[in-house]
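See structure below.
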Amino acid sequence: MTRIFIVGSYVQGLTLRVPRMPLAGENLVGGGFDLGPGGKGTNQAIAAARLGAQVQLLACLGDDAFGDWALAVYTREGIDTRLIQRIPELNSGVGFVNVLPDGENFITIDLGANMRMRPQQVHDCAAQIADSDILMTQFEVPEATVQAALLQGKNAGALTILNPAPARTADPAILRYVDVLTPNVYEARMLLGLPPADATPSPALAERLLELGAGAVVITQGAQGALVVDAGGALPVPAAKIDAVDVTGAGDCFNAALAVGLGAGNSLAAAARLAVRAGAYACMHVGVISGLPTRAQLSEFLGRADTSLGPL
């Protein structure tokens, strides 16, 4: 069983389906309200656990009802909660998600207690990280903590995966500790200090990220699939043809499946093909957690009789 250590976030999601983007000052009526757990670290942890990994999560929760909810969710999903910390007098992270009719979304977040995670908390988990096969982290906790986690994982011999989301600038030195970097195209531009609308092609973006130290780059491209770039060259991974209803959480599902695929001994290309299809599965379901497949559900979606999660 693949052992994955995740340094990440909890964000309580408040989701509303809307007919279009609101105008400034407009009160736009939506529907289909949903309240549920989320945050990139939490989503990836749940997705990886459902796909059969043994998951430990280091996260910070507020001293509030949402924090209580998070602990109940982790316990139900089989995620080790011994490293979860409660921060007094702070709210848990919250995210306000508006979903458009085509499944696209726009999200605003207050990260709350997540931003209180410190590098020392990572150092205190050295033994657990050393006992892991893969270390994953994202940008919903402070950058210094992300860098400490990647360095700790690298020194321990774990495969390190950085999902640099939400999009932000970062010290390029952090990439030296990353075995697999998984940005979307906007996140790749931000890491390189480029404007959001920069026209540099994805292969060139990935090559520049490799030059900065990343071991391999997998750029997610939504309906266009993904692009895998490493020292051996670039390989496009086509998307599955689906009717998307909600893309919220698809990237997190992608990252979890990529980690599980790599942990099973698959090549990066084969793991990326699995991850693209896992992300497609998520897009076909309303709500983040309901769209994260179990191993059996993903196997059925792939049209297989077994649950090997091997090369497609």
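The values are calculated or read from the model by the stated rules, or taken from the named source; none is laboratory data. All values derive from a computational prediction rather than experimental measurement. Counting neighbours? That spans all protein chains shown, and the Cβs are built from the backbone with ideal geometry, glycine included.
Structural remarks
- No other residue among Gln138, Gln121 is modelled with pLDDT of 95 or more and closer than 19 Å to Phe254 by Cα apart from Gln138.
So that you can scan it fast, the table gives a plain yes or no per residue for (1) touching a residue at least 24 places away in the same chain (Cβ under 8 Å); (2) assigned to a helix (DSSP H, G or I); (3) of a type outside the set (Gly, Ala, Ser):
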{"position": "Phe33", "(1), (2), (3)": "no, no, yes"}
{"position": "Ala48", "(1), (2), (3)": "yes, yes, no"}
{"position": "Leu83", "(1), (2), (3)": "yes, no, yes"}
{"position": "Val97", "(1), (2), (3)": "yes, no, yes"}
{"position": "Ile109", "(1), (2), (3)": "yes, no, yes"}
{"position": "Ala113", "(1), (2), (3)": "yes, yes, no"}
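- Test result for Arg189, under 22 Å from Asp252 (Cα atoms) and within 21 Å of the chain's Cα centre (by Cα): yes
One line per residue, one yes/no per condition, for (1) without any contact (Cβ under 8 Å) to a residue 60 or more places away in the chain; (2) surrounded by 15 or more Cβ atoms within 10 Å (Cβ to Cβ):
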site: Leu175; (1), (2): yes, yes
site: Val180; (1), (2): no, yes
site: Asn184; (1), (2): no, yes
site: Ala188; (1), (2): yes, yes
site: Leu192; (1), (2): yes, yes
site: Pro195; (1), (2): yes, no
site: Leu210; (1), (2): yes, yes
site: Gly215; (1), (2): yes, yes
site: Val218; (1), (2): yes, yes
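- Test result for Arg118, under 27 Å from Leu51 (Cβ atoms) and without any contact (Cβ under 8 Å) to a residue 40 or more places away in the chain: no
- Criterion (in contact with a Lys or Arg (Cβ under 7 Å, 6 or more places away or on another chain) and touching a residue at least 12 places away in the same chain (Cβ under 8 Å)) met by exactly one of Ile87, Ile79: Ile87
- Residue identified as crowded, with 20+ Cβ neighbours inside 10 Å, in contact with a His (Cβ under 9 Å, 6 or more places away or on another chain) and at pLDDT 95 or above among Ala148, Ala70, Ala113, Ala158: Ala148
- Residue in the stretch 264-271 that is modelled with pLDDT of 95 or more, polar (S, T, N, Q) and either surrounded by fewer than 18 Cβ atoms within 10 Å (Cβ to Cβ) or touching a strand residue (DSSP E or B) at 6+ places or on another chain (Cβ under 6 Å) (or both) present: yes
- Unmet criterion (only one of (1) part of a strand (DSSP E or B); (2) modelled with pLDDT under 95; (3) of a type outside the set (A, V, I, L, M)) for Gln56: (2)
- When Gly38 is tested against (1) part of a loop (DSSP other than H, G, I, E, B); (2) touching a Phe, Trp or Tyr at 6+ places or on another chain (Cβ under 9 Å); (3) surrounded by fewer than 15 Cβ atoms within 10 Å (Cβ to Cβ), only condition (3) is not met.
- Qualifying residue in the stretch 214-232 (condition: in contact with a strand residue (DSSP E or B) (Cβ under 9 Å, 6 or more places away or on another chain), part of a loop (DSSP other than H, G, I, E, B) and at pLDDT 95 or above): yes
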